[in-house]
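I have placed the structure first, in the form of structure tokens, so that the comments after it can refer back to it.
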Amino acid sequence: MTQKTSHNVVMDEDIITDYAAGKLSPAKHIMVACQSEISDAVAQRIAFQEGLAASMLEQGTSEPLSPLFMGNALAALPQQTHNHPPAAPAPSGGLAPQSLRHMLGHGLKDMQWKSMVPGVAVHDVLGNRHTKDGDRLYLLKAKGGMKMPQHSHNGEEWTLILTGSYTTGDTRYARGDLHIEDETETHAPHIDEGEDCICLVMTQGPLKMQGWLPKMVQRVVGI
């Protein structure tokens, strides 16, 4: 099995720039905020972007920046390696990141889950999973050892691992990892044995299930 590399932990620089500028949707903003609380690498990139923006505002100059400015600034940062620092351990009591706890009013141990199928439960955070467009945010809990149904997506799907882990293809995603897919990808995550996997998920429409049985179940549970 191939261990997930650092480029999946430190997300695309455009996402971090949009987060620092307040340009992400509410659902995506919460996702990034939660990951920054778990991953030191992401928190450092965000702090750099926010510090850079504040510095530019303080200068108060209207002179255009050199096309090489951002590239040179990013090159000055410490290089990320494949041996990235481990994510912060899950807080005692199964608590969610503070940004999520603020919205929920409690931690993961006090969740009131809605069972979808045996071994899988959800809890809506923002939006409605039954709507056909717009960013929706929800928590998903899957039992260790389960294999999720093969599916693709309408738009993007962002999955932040809060507890446990899963594998898709030859890549393993664990606490603090943000897994981003779009409508061009098809996958069937396999929840790793042992601990249940709890994820914070953002989708932009219903999943595109593969096979008649998952499609029938989807009509009932709405995901």
At what distance in nm do the modelled label points of Gln98 and Glu156 sit from each other, each positioned 7 Å from its Cα along Cα→Cβ? 2.5
Ranked by Cβ crowding within 10 angstrom, fewest neighbours first, how are Trp158, Trp113 ordered? Trp113, Trp158
What ranking of Tyr138, Tyr173 emerges when the number of other C-beta atoms within 10 Å of each C-beta is taken as an exposure proxy, fewest first? Tyr138, Tyr173
Please list, or write none, the aspartates and glutamates whose alpha carbon is within less than 19 Å of the alpha carbon of Lys109, excluding same-chain residues fewer than 8 places away. Glu37, Asp124, Glu195, Asp196
Assertion target for Lys141, Lys147, ordered by fewest C-beta neighbours within 10 angstrom first, is Lys147, Lys141
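Each value in this text was obtained by applying a stated rule to the coordinates, not by laboratory testing. No experiment lies behind these values; they were computed from the predicted model shown. Counting neighbours? That spans all protein chains shown, and the Cβs are built from the backbone with ideal geometry, glycine included.
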